[in-house]
Amino acid sequence: MPRLSHVNAKGRARMVDVGGKPETRRVAVAEGTVTLSAEAFRLVRRHEVAKGDVLTIAKLAGIQGAKETSRLVPLCHPIPIDSIRVDLTLEPRTRSVRIEAEVATRAATGVEMEAMTAVSIAALTVYDMCKAVDRGIVIGKVRLLAKSGGRSGEWTRSRSTARVMLPDAGQKKRRRA
């Protein structure tokens, strides 16, 4: 049975020692959604929210969030980040904003937390910018879609729920149907 890596033999929290692990290329992709009222969605779509361009500001916030992960999550290692991609897409059918983040590094530990932090901070920014119009905004389904690199290798959420496959080193991303 797998053990929790951030808990010592006495059940106390600890920072994992990654000093002996090899540096490898690591990539993680995460997603989340922000569901808005019809009025808030309309304002976002038309770029008429009083605070400014919601999608652009949320994208920048997500990038900043990924860079600040180790300051926000106590047991995360500060790691060098090679790239961060944050995409926000309007989904009219569900009146939602879909957020996807991909983070890459060459390090001794992965970037799953950085990808999920990017999504979470982008989602919170959408909420902050739209809350004057809609206090009932729902942030949901923040989850890891895929990761690669490291000892555990590749992992991808099942085909029925994932939209993304990780790129092979140096290749373009392939999308699942």
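Any read-out appearing in this document is the output of simple, stated calculations on the displayed coordinates, not a laboratory observation. Note that the structure is a prediction, hence the values are computed from the model and not measured. For neighbour counting, all protein chains shown are included, and Cβ atoms are generated from backbone atoms with ideal geometry for every residue, glycine included.
List of remarks:
- Answer residue from the stretch 65-74, given it is surrounded by 14 or more Cβ atoms within 10 Å (Cβ to Cβ) and charged (D, E, K, R) and is farthest from R25 (Cα to Cα) among those: E68
- Filter result for L43 (crowded, with 16+ Cβ neighbours inside 10 Å and more than 20 Å from I121 (Cα to Cα)): yes
- You will find that of V119, V138, the residue that is of a type in the set (V, I, T), in contact (Cβ under 8 Å) with a residue 12 or more places away in the chain and surrounded by fewer than 22 Cβ atoms within 10 Å (Cβ to Cβ) is V138 and no other.
- For the stretch 98-116, a residue qualifies if it is surrounded by fewer than 23 Cβ atoms within 10 Å (Cβ to Cβ) and part of a loop (DSSP other than H, G, I, E, B), and the qualifying residues are A108, T109.
- The set of residues in the stretch 23-54 being without any contact (Cβ under 8 Å) to a residue 40 or more places away in the chain and in a helix (DSSP H, G or I) consists of R42 alone.
- Of all residues in the stretch 75-90 being free of Cβ contacts under 8 Å to residues at least 60 places away in the same chain and not in a strand (DSSP E or B), the one that is surrounded by the most Cβ atoms within 10 Å (Cβ to Cβ): I79
- Residue in the stretch 123-131 that is crowded, with 18+ Cβ neighbours inside 10 Å and assigned to a loop (DSSP other than H, G, I, E, B) present: no
Conditions (1) more than 9 Å from the chain's Cα centre (by Cα); (2) more than 19 Å from I139 (Cβ to Cβ); (3) not charged (D, E, K, R), marked per residue:
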residue: I84; (1), (2), (3): yes, yes, yes
residue: D87; (1), (2), (3): yes, no, no
residue: T94; (1), (2), (3): yes, no, yes
residue: I99; (1), (2), (3): no, no, yes
residue: V103; (1), (2), (3): no, yes, yes
residue: G110; (1), (2), (3): yes, yes, yes
residue: M113; (1), (2), (3): no, no, yes
residue: T117; (1), (2), (3): no, no, yes
